[in-house]
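One structure is given here, and the rest of the page talks about it.
The values are calculated or read from the model by the stated rules, or taken from the named source; none is laboratory data. Note that the coordinates shown come from a computational prediction; the quantities given were computed from them, not determined experimentally. A quick note on method: Cβ atoms are made from the backbone with ideal geometry, for glycine too, and the neighbour counts reach across all protein chains shown.
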Amino acid sequence: MASNTGIIFGQIRDQGAGVAGCDVQLNFVYGDASMGPIGVGSSGDVNGNVSGWVKGTTNKDGKFVLAFNWSGVDIAKVAEGRATASLYVVKWGENFSHRSFNTRTTLFLGLDLKKLIQVGYTDPTASATDFTNAAKDFYASYRDMLPAHGVFPTIMPFSTEVWGLIGKVSASLPA
């Protein structure tokens, strides 16, 4: 079973302004906690194996995008349509000083965002309005950071391999 994709986007602020140069790393993703964590990574293969640390850096406006892969085998862990992601954020200063914190966000299950953007698909379950709104918000705000249109494969929907997770983070650095 191939790997599915996920995307977390957001902004890190300090006193209301976006903060450039923050390191953002995905710690873990849980759907149904009784079933264990969802395996995530920065890359995936056709067998659904995922590996690599998922991390990124905020741009000049404090915005970031973390794209990740997760195994289609874990689809049962998000059967209720939601998962929780934990992120670790660090802003490095002089002489290795830093400010850091953990934040969590809800991820919504819907069609794979890369495929959603390519084919203009909406969620077929009609129960994930939050996913659709988050996808619209993401695309409108972050389209300049996305890969060029047309590079993603087209896969027919309803396979376990076309599902994606999407979430939005808005957090502030601690004092």
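Within the stretch 77-93, residues that are at negative phi and part of a helix (DSSP H, G or I) sit with their Cβ atoms under 7 Å from residues that are surrounded by fewer than 14 Cβ atoms within 10 Å (Cβ to Cβ) and not basic (Lys, Arg), at 6+ positions apart or across chains, in these pairs: Lys77/Met35.
Can you report the number of residues in the stretch 25-36 which are of a type outside the set (Gly, Ala, Ser), out of contact with any helix residue (DSSP H, G or I) (no Cβ under 8 Å at 6 or more places or on another chain) and more than 19 Å from Phe9 (Cα to Cα)?
Step one: of the stretch 25-36, the residues of a type outside the set (Gly, Ala, Ser) are 25-30, 32, 35.
Filter once more, so that each one left must be out of contact with any helix residue (DSSP H, G or I) (no Cβ under 8 Å at 6 or more places or on another chain): 25-29.
Remaining after also requiring more than 19 Å from Phe9 (Cα to Cα): none.
Residues that pass the stated criteria total 0.
Scan the stretch 19-41 residue by residue and report those that are within 23 Å of Ala79 (Cα to Cα) and not in a strand (DSSP E or B). Break it down into steps so the answer makes sense when it comes.
First pass over the stretch 19-41, keeping only residues within 23 Å of Ala79 (Cα to Cα): 26-41.
The answer is Gly31, Asp32, Ala33, Ser34, Met35, Gly36, Gly39.
Scoring Lys60 on the criteria (1) within 15 Å of the chain's Cα centre (by Cα); (2) over 13 Å from Ala85 (Cβ atoms) leaves a single failure, condition (1). Of the residues in the stretch 123-137, none is at pLDDT below 60, of a type outside the set (Val, Ile, Thr), in a helix (DSSP H, G or I) and touching a Ser or Thr at 6+ places or on another chain (Cβ under 7 Å).
Entry remark, the stretch 68-90: residues being within 14 Å of Ile8 (Cα to Cα), of a type outside the set (Ser, Thr, Tyr) and in contact with a Ser or Thr (Cβ under 7 Å, 6 or more places away or on another chain) number 7 in total.
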